[in-house]
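Inspection log for the structure reproduced underneath, given as structure tokens.
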Amino acid sequence: MIRRSALVVLGLLSLSFSNGQTVQKCCGTSNSTFLLGNLSTANHSQCIYAPGDLTGAADGSITRIYYRYGTTGQASGNTLTDFRVRMVQTGATTFAGGNTFFTGLDTVLTSASYTIAPGATGDWFAIELDSTFAYDAALTLVVDISFTGSATTNFGTYSTNMAGRKLYWSDLTSPTGESVVTTWQDIGFDLAPITAVAEVGSTTPLFFPNPVVHSVQLVGAAPNTPYRLLHNDGRLLRTGTVNAAGIPMADLASGTYLLGALLDNAWRYQRIVKE
């Protein structure tokens, strides 16, 4: 991950769905400062987006996210101190107990000072990520935002009325927060194929048999080890967990694929030939 210590200036990107984000939750008309503005109450927030909330959802890697300028502070923009964006995916669609932040998140952006340029109400603005995030369209996406300073504390973003989808608090270390507000932010994000995977050497195979006709097994697999099946060009085709029957391959066309397993908190890949 690249750590940004210098000022990052974010230019205004006024984009429509057709030429901007590939995925969206849109479009609310409630202004909320409880995401990228309020410092005293909501400098830490999590919003959850279930698969049914999003238009255009597909598997891939999230490269940037978008929010919409609201009706307050938009003419000033904002500069956030110690700005951080984190993400995680889960099968849950609510916060545990209604007030517990999700944990185990991946950090996708860290900046000592991050500036959002001034803009117009309703327009989208983009936040470029330091690291891509592998997104599974079948799972809920949790987006976590935090900062320690905000130059424009009334900076608002557009939201949709929906209770229970956003949690916030002023203490960055608290395991719980408040969900009194009944809005959660409109969001967009761009997806790219999953690429640049690290392939293991041919002397340390992960999967057998190879070539394969029907299914493959993971060498020494623990039950329910997560796996990913990728096209040779990096596109994510399938995800799941390994069971006694192995990983099904019979329905695939003949060719070369990348098959990965999550081992010791890291994805390891092997090139598999489907006959």
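ASN210 satisfies every condition listed in (1) surrounded by fewer than 20 Cβ atoms within 10 Å (Cβ to Cβ); (2) modelled with pLDDT of 90 or more; (3) not β-branched (Val, Ile, Thr) except (2).
To keep it simple, each residue is scored yes or no on (1) in contact (Cβ under 8 Å) with a residue 12 or more places away in the chain; (2) closer than 20 Å to CYS27 by Cα; (3) of a type outside the set (Phe, Trp, Tyr); (4) surrounded by fewer than 20 Cβ atoms within 10 Å (Cβ to Cβ).
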{"residue": "ALA117", "(1), (2), (3), (4)": "yes, no, yes, yes"}
{"residue": "VAL142", "(1), (2), (3), (4)": "yes, yes, yes, no"}
{"residue": "PHE155", "(1), (2), (3), (4)": "yes, yes, no, no"}
{"residue": "ARG165", "(1), (2), (3), (4)": "yes, yes, yes, no"}
{"residue": "ASP171", "(1), (2), (3), (4)": "yes, no, yes, yes"}
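Meeting the requirement of 1 or more residues that are closer than 14 Å to GLY188 by Cα, of a type in the set (S, T, N, Q) and assigned by TED's automatic domain parsing to the domain that holds TRP169, the strands (runs of 3 or more DSSP E) wholly within segment 55-150 are 60-68. Screening GLN21 on (1) crowded, with 20+ Cβ neighbours inside 10 Å; (2) outside any strand (DSSP E or B); (3) modelled with pLDDT of 95 or more shows it passes everything except condition (3).
The values are calculated or read from the model by the stated rules, or taken from the named source; none is laboratory data. Nothing here was measured: the structure is a model prediction, and the numbers come from that model. Cβ sites come from the backbone with ideal geometry, for glycine too, and all protein chains shown count toward neighbours.
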